[in-house]
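The values are calculated or read from the model by the stated rules, or taken from the named source; none is laboratory data. Predicted model only: the values in this text are computed from it and were never measured. Note: ideal-geometry Cβ built from the backbone for every residue, glycine included; neighbour counts use all protein chains shown.
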């Protein structure tokens, strides 16, 4: 069977992955064999999300009715019911659910009614609390299947502990140094900051993301922190670009994330707050692309683009613009400009003598037929560029995992 849980946390505390860790322990105590556990991230643009829009799926063998009872009790004990926007959902399914529901949930939007219909068709056990929106994520978590998966080791303190976390900063940088690129997003070395623990009062102490259980365990061995009450290694769709759709500008839907190929249509500009923007065009239209201030040095790459550059972009479309996650510069031709030539006699710039009439020095009366041609060097070259770890979304695939296909 698969046990799906979602929407148990709030900005004030709790974490659905923590509740999953507690449930794994209680299932084992009850004699139910846990064979796997997954974090399934869904569409990062859903407005109802608390933080990273993650559902939990636990794979197990045993009495499904007993598992359903234990999971229900766990949610009722730990979920943040006092928070208005917390609406937990539980699904226990002994049959596979259609992967199409997961794909819809990770790239778009699903309704409670659609989730209920999928569960009913499979004979799954379902329980909703409050408006029950959490059954969408619970259903999608159970339905999730994809070839490319990663791993995350999570350490937890008690859910009642809402004070400052104690993690030795130097040890996190050592873990990154010793295990990158097999693990990633533990720290942001370029901006000298920590990425792997939250700044909210939830039970997570820190997490290590990587390509295998062995590598996240090795990295964890370098980290010095307060003593965790639990540690769990989850299989996950994080860092896989599972949220991206291939599309064109005319096909963009608000709240979805895309891969688009087009041409830079104007000179990038830095606006208020340090955000950098430019227009991208393809044969179907134009769209504004944004590199926001938190992307730090990535904005310099965007500023170095020029009209006519062919690029591929990845990012989320919201409010009529695309929030960039990474780009591939396909072509960036040399910039060639022309300006009036210098007068060979006095050294001043000549003036145009009229359309197709060349240039003339007003002082010396000397003439020239050809303008001065300037070849400007480019500060960007073809290749992939990404936002720093501190600005990366959970689902975005870091380039250290391999260059995406063209």
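Condition check: within 24 Å of the chain's Cα centre (by Cα), exposed (fewer than 15 other Cβ atoms within 10 Å of the Cβ) and at pLDDT 95 or above. Does residue 99 satisfy that? Reasoning before the result, please.
Numbers: within 24 Å of the chain's Cα centre (by Cα): yes; exposed (fewer than 15 other Cβ atoms within 10 Å of the Cβ): yes; at pLDDT 95 or above: yes.
The answer is yes for residue 99.
Just checking, how many residues over the range 149-170 are within 26 Å of residue 188 (Cβ to Cβ) and either in contact with a strand residue (DSSP E or B) (Cβ under 8 Å, 6 or more places away or on another chain) or assigned by TED's automatic domain parsing to the domain that holds residue 47 (or both)?
Of the residues in that region, 15 qualify.
Is the range 59-79 home to any residue that is assigned to a strand (DSSP E or B) and within 25 Å of the chain's Cα centre (by Cα)? Explain how you work it out, then say what you get.
Just the residues of the range 59-79 that are assigned to a strand (DSSP E or B), to begin with: 59-61.
When the remaining residues are screened for being within 25 Å of the chain's Cα centre (by Cα), the result is none.
So far as the range 59-79 goes, no, none of its residues is assigned to a strand (DSSP E or B) and within 25 Å of the chain's Cα centre (by Cα).
So that you can scan it fast, the table gives a plain yes or no per residue for (1) within 28 Å of residue 18 (Cβ to Cβ); (2) at pLDDT 95 or above; (3) surrounded by 22 or more Cβ atoms within 10 Å (Cβ to Cβ); (4) out of contact with any strand residue (DSSP E or B) (no Cβ under 9 Å at 6 or more places or on another chain):
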{"site": "213", "(1), (2), (3), (4)": "yes, yes, no, no"}
{"site": "216", "(1), (2), (3), (4)": "yes, yes, yes, no"}
{"site": "255", "(1), (2), (3), (4)": "yes, yes, no, no"}
{"site": "258", "(1), (2), (3), (4)": "no, yes, yes, no"}
{"site": "274", "(1), (2), (3), (4)": "no, yes, no, yes"}
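Among the numbered criteria (1) surrounded by 15 or more Cβ atoms within 10 Å (Cβ to Cβ); (2) closer than 30 Å to residue 183 by Cα; (3) modelled with pLDDT of 95 or more, which one does residue 382 miss?
(1)
Checking the condition without any contact (Cβ under 8 Å) to a residue 60 or more places away in the chain, in contact with a helix residue (DSSP H, G or I) (Cβ under 9 Å, 6 or more places away or on another chain), on the phi < 0 side of the Ramachandran plot and not assigned by TED's automatic domain parsing to the domain that holds residue 67, which residue from 114, 178 passes? Even if it seems obvious, please write down each step before you answer.
On the way: 114 fails: not assigned by TED's automatic domain parsing to the domain that holds residue 67.
That would be 178, the only listed residue that is without any contact (Cβ under 8 Å) to a residue 60 or more places away in the chain, in contact with a helix residue (DSSP H, G or I) (Cβ under 9 Å, 6 or more places away or on another chain), on the phi < 0 side of the Ramachandran plot and not assigned by TED's automatic domain parsing to the domain that holds residue 67.
Is one or more of the residues making up the range 324-347 at pLDDT below 90, closer than 30 Å to residue 198 by Cα and surrounded by 15 or more Cβ atoms within 10 Å (Cβ to Cβ)?
no
Looking at the structure I just gave you, is residue 361 farther than 30 Å from residue 152 by Cβ and out of contact with any helix residue (DSSP H, G or I) (no Cβ under 7 Å at 6 or more places or on another chain)?
Values: farther than 30 Å from residue 152 by Cβ: yes; out of contact with any helix residue (DSSP H, G or I) (no Cβ under 7 Å at 6 or more places or on another chain): yes.
Yes.
When you scan the range 248-266, do you find a residue that is more than 23 Å from the chain's Cα centre (by Cα), in a loop (DSSP other than H, G, I, E, B), touching a residue at least 24 places away in the same chain (Cβ under 8 Å) and under 29 Å from residue 314 (Cα atoms), even just one?
For the range 248-266, residues more than 23 Å from the chain's Cα centre (by Cα), in a loop (DSSP other than H, G, I, E, B), touching a residue at least 24 places away in the same chain (Cβ under 8 Å) and under 29 Å from residue 314 (Cα atoms): present.
Select, from 64, 21, 60, the only residue that is closer than 24 Å to residue 95 by Cβ and either in the same structural domain as residue 230 (by TED's automatic domain parsing) or crowded, with 19+ Cβ neighbours inside 10 Å (or both).
Values: 64 fails: either in the same structural domain as residue 230 (by TED's automatic domain parsing) or crowded, with 19+ Cβ neighbours inside 10 Å (or both); 21 fails: closer than 24 Å to residue 95 by Cβ.
Residue meeting the stated conditions: 60.
Is it the case that the range 186-207 has a residue that's at positive phi, surrounded by fewer than 22 Cβ atoms within 10 Å (Cβ to Cβ) and not in a strand (DSSP E or B)?
Of the range 186-207, the ones at positive phi are 192.
Now narrow it down to the ones that are surrounded by fewer than 22 Cβ atoms within 10 Å (Cβ to Cβ): 192.
Now restrict to residues that are not in a strand (DSSP E or B): 192.
Yes, there is a match, as at least one residue in the range 186-207 is at positive phi, surrounded by fewer than 22 Cβ atoms within 10 Å (Cβ to Cβ) and not in a strand (DSSP E or B).
What do you reckon, is residue 244 in contact with a helix residue (DSSP H, G or I) (Cβ under 8 Å, 6 or more places away or on another chain) and under 19 Å from residue 388 (Cα atoms)? Spell out how you get there, then give the answer.
On the way: in contact with a helix residue (DSSP H, G or I) (Cβ under 8 Å, 6 or more places away or on another chain): yes; under 19 Å from residue 388 (Cα atoms): yes.
It is true that residue 244 is in contact with a helix residue (DSSP H, G or I) (Cβ under 8 Å, 6 or more places away or on another chain) and under 19 Å from residue 388 (Cα atoms).
I need a count of the residues in the range 373-390 that are out of contact with any helix residue (DSSP H, G or I) (no Cβ under 8 Å at 6 or more places or on another chain), in a strand (DSSP E or B) and closer than 17 Å to residue 325 by Cα.
1
Keeping to the range 33-49, report how many residues are crowded, with 22+ Cβ neighbours inside 10 Å and either over 12 Å from residue 149 (Cβ atoms) or at pLDDT below 95 (or both).
Matching residues across the range 33-49 total 2.
Closer than 25 Å to residue 240 by Cα and in a loop (DSSP other than H, G, I, E, B): which single residue out of 393, 363, 299 fits that description? Talk me through it step by step, then tell me what you get.
Values: 363 fails: closer than 25 Å to residue 240 by Cα; 299 fails: in a loop (DSSP other than H, G, I, E, B).
Testing whether each residue is closer than 25 Å to residue 240 by Cα and in a loop (DSSP other than H, G, I, E, B) leaves just 393.
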